[in-house]
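One structure is given below, encoded as structure tokens.
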Amino acid sequence: MSMAGDYVGRFAPSPSGPLHAGSLVAALASFLDARVHGGRWLLRIEDIDETRTVPGAAEDIANALAALDMHSDGPVLVQSQRKHRYQAARDKLGALAYPCGCSRKEIADSRVGTASDGAAIYPGTCRGGLAPGKTARTLRLRVPDAGAEGELVRFDDRWLGPQSQHLAAEAGDFVLQRADGFWAYQLAVVVDDAEQGVTDIVRGADLLDSTARQIYLQRQLGYPTPRYLHLPLLTNATGEKFSKQNGAQALDLARPLDELQRAAGFLGLDTRAAQDRQAFWTLALAGWDTRFGPRR
Ligand code: GLU
């Protein structure tokens with residue numbers, strides 16, 4: 001465990017819509033974890049996929065967090081302004097990253113397998129260079145062959161316990177730069193977490209599957225690996241992840257205490273006795289400290 005004070009946490013929403021009940025759970029848990037460790041909590045706007053950015057959403061999210069008493073302890077990083085940093089990381093990867101000319105259909109047709117996130121596993125067609133007549137579409141990162149050193153990535157999740165992933169069988173050579181030219185989330189998140197000095201990542205379990213790829217990338221780039229805590233996902237009435245894509249409603253910021261109490265309740269923190277926000281924070285921090293504080 002880190003000593004109080006050297007902890008850096010973060011909340012990294014994509015501005016594809018306003019803060020909603022699902023993203024509030026991640027914001028609140030990451031904030032509580034930073035506070036009980038005496039650390040800093042940083043907001044980062046993950047707008048690297050500019051095709052999904054909704055104008056005004058980043059400001060809406062920051063305003064909603066402020067209305068709920070959560071303020072970034074440092075400058076807010078905005079991914080769309082940091083493309084030179086992702087390019088520099090790509091350069092550092094050298095020949096480990098290679099151009100790939102395959103279309104999605106070609107990869108799906110190769111039927112090598114399906115990654116745990118549902119995507120088709122890349123068969124490695126362009127590993128040795130582009131076939132004649134093919135042009136580069138994406139940039140991929142080479143992962144070790146099955147059984148080779150570093151291919152099995154293990155980490156201890158602070159909520160879920162020991163985790164492992166075989167990169168070759170469960171992820172495959174993954175995309176660093178997309179066919180439309182945008183840098184991929186996996187690269188941007190790793191570069192930004194390292195540059196912001198993030199020591200602890202607290203986020204939804206929908207990203208659990210990405211963690212091994214991110215740890216592998218950290219190792220190739222010479223970055224330290226943070227600790228991870230993946231939160232259970234808030235689902236809607238039909239069991240789907242509660243998200244902007246399935247029409248999750250924006251929060252009712254006229255009732256901040258209600259919203260905070262609902263998110264805390266989902267995390268198993270009983271704050272119902274709180275009559276105001278100050279009392280809410282006292283109870284929520286004490287509850288989180290009991291489960292995940294520095295003495296745990
Ligand atoms: N931007 C991602 C999202 O909104 C979160 C990334 C992360 O926490 O690593 O789902």
The range 178-296 - accessible surface per residue (Å², probe 1.4 Å): 46 Å²
Student exercise, the range 43-144 dipole from Lys, Arg, Asp, Glu Cβ charges, in Debye to nearest 20: 860 debye
The chain, dipole about Cα centre (Lys/Arg Cβ +1, Asp/Glu Cβ -1), debye to the nearest 20: 520 debye
For the range 22-64, accessible area per residue (1.4 Å probe, heavy atoms of protein chains only), Å²: 32 Å²
Local net charge near LYS83, Cβ-Cβ under 14 Å (Lys/Arg +1, Asp/Glu -1): -4
Prolate/oblate/rounded call for the range 35-97, Cα gyration tensor, a/c under 1.5 rounded: oblate
Rel. contact order, % - alpha carbon contacts under 8 angstrom, at least six apart, the range 93-144: 53 percent
Per-residue HN-Hα couplings for the range 273-288 [Karplus 6.51, -1.76, 1.60; θ = phi - 60°; Hz; x = Gly/Pro]: 6, 6, 9, 9, 5, 4, 5, 4, 5, 4, 5, 5, 5, 5, x, 5
Average Cα contact separation per residue, the range 171-237, under 8 Å, 6 or more apart, as relative contact order %: 34 percent
C-alpha long axis of helix 256-266 to longest principal axis of the chain, angle in °: 60 degrees
Amide H contacts under 5 Å for PHE11, placed H, 5+ residues apart: LEU42, LEU43, ARG44
Under the Karplus curve 6.51 cos²θ - 1.76 cosθ + 1.60, θ = phi - 60°, whole-Hz ³J(HN,Hα) for the range 112-122, x wherever Gly or Pro sits: 5, x, 10, 5, 5, 8, x, 7, 5, 6, 6
Highest-first arrangement of 210-221, 62-73, 88-99, where packing means the average Cβ count within 10 Å: 210-221, 62-73, 88-99
Potential lengthening between ASP60 and ALA279 on full extension [0.36 nm per residue; Cα-Cα distance subtracted]: 76.3 nm
Span from the the range 1-70 Cα centroid across to the the range 81-139 one, whole angstrom: 30 Å
Length-normalised contact order for the chain - Cα pairs under 8 Å, 6+ apart - percent: 23 percent
For the range 123-282, average projected area of the Cα convex hull in nm²: 13.3 nm²
Charge dipole (the range 211-296, unit charges on Cβ, about Cα centre) - positive-most of THR235, GLN249, GLN218: GLN218
Sequence-distant residues sharing a close amide H with ALA120 (under 5 Å, placed H): ALA115
Whole-Hz ³J(HN,Hα) from phi, Karplus 6.51 cos²θ - 1.76 cosθ + 1.60, for the range 12-26, glycine and proline x: 10, x, 8, x, 9, x, x, 4, 10, 4, x, 6, 4, 4, 5
Long-range amide H partners of ASP157 with built H, under 5 Å: GLN163
C-alpha center-to-center spacing [the range 172-246, the range 264-290] in angstrom: 28 Å
Cα-based shape type of the range 197-290, given that a ≥ b ≥ c are square roots of the gyration tensor eigenvalues and the cut on a/c is 1.5: oblate
Global form of the range 61-125, assessed from the alpha-carbon gyration tensor, a/c cut-off 1.5: oblate
Solvent-accessible area, 1.4 Å probe, carbon plus sulfur percent, for the chain: 52 percent
Value of Rg to Rh for the chain (Rh from inverse mean 1/r over Cα pairs, i.e. Kirkwood): 0.98
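The values are calculated or read from the model by the stated rules, or taken from the named source; none is laboratory data. Because the structure is predicted, anything quoted here is derived from the model rather than measured. Positions of Cβ are backbone-derived with ideal geometry, glycine not excepted, and every protein chain shown enters the neighbour counts. Surface accessibility is based on the protein's heavy atoms, side chains included, excluding ligands, DNA and RNA. Shrake-Rupley method; radii C 1.70, N 1.55, O 1.52, S 1.80 Å.
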